[in-house]
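What follows is a set of notes on a single structure, which appears directly below.
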Amino acid sequence: MSSLSGKVAIVTGSGKNIGRAIAMHLADAGCQVVVNGRHDASAVREVTQAITDAGGNAVGVMADISKEADVESLVTQCMGAFGRLDIVVSNAGLRRQTPFVEMSFAEWREILSVALDGAFLLARAATPHLIDNGGGSIIALSGVSNHVATTNRCHVSASKAGWARS
C-alpha cells in the first residue's frame, strides 16, 4: 500500500499538461484528488473522469486561484468532498508570449497573480487543515523559465522565480 493511500490532494491547473500528470499520478498512488482549472471546465471534467475510470476518487473544482474567494471555495469544496486535506500542489501558471515593450501592466499582474498570489492564497487557506491533520505538504512548482531566459516571457520568468527559493 502506498504511503499516499487515503491522502487528499488539491492540484491547481490540473486540467492539462504537468498538472494533469501530477493529478493522475497522485490518484494512481491512492490519493483522492481535487482537479482544478480556471477556464477549461471540459479539461477538468476529462481529468476527473479519467481518474474515476481508473478506479480513483476525484472531484473537479473550477476556481481562479488569483482570487481569494475562489481559493476559499476551492478548499471548502475539498473539505466537503473528502473531509480532509493533506497535499497542496500549486501548479497553475499562465504562459503568455508577449514582447516586453508590448506588455501591459495588467498582463504582468495577471501572470504574477496566478503563480505568486495564487500559491500564497492557497497555502494560507490550506495550512489550518494541514495542521489539523498533524502535517502535510505544500508544493509550489517553479519551472525552466526560472533558470533559462525565454524570449517574450519575462513576466513568466519573474512569476516562476518567485517561489523557486521558498
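The values are calculated or read from the model by the stated rules, or taken from the named source; none is laboratory data. Every value quoted in this text rests on a predicted model; they were computed, and no experiment measured them. Cβ coordinates were reconstructed from backbone atoms using ideal geometry, including for glycine residues, and neighbour counts include every protein chain displayed. SASA here: full protein model, heavy atoms, side chains in, ligands and nucleic acids out. Shrake-Rupley method; radii C 1.70, N 1.55, O 1.52, S 1.80 Å.
So here's what we get for this one:
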| item | result |
| --- | --- |
| Per-peptide average of other Cβ atoms within 10 Å, ordering 35-43, 110-118, 129-137 highest first | 110-118, 35-43, 129-137 |
| Solvent exposure, largest accessible area first (probe 1.4 Å, DNA, RNA and ligands not counted), of Ser3, Ser66 | Ser3, Ser66 |
| Positive minus negative residues near Phe82 (Lys, Arg vs Asp, Glu; Cβ under 15 Å) | 0 |
| Cα→Cβ-extended label distance, 7 Å offset, between Arg45 and Ala81, nm | 1.5 nm |
| Distance between segment 125-142 and segment 64-78 - C-alpha centres, whole angstrom | 15 Å |
| Ordering of 17-25, 52-60 by burial proxy (mean other Cβ atoms within 10 Å per residue, highest first) | 17-25, 52-60 |
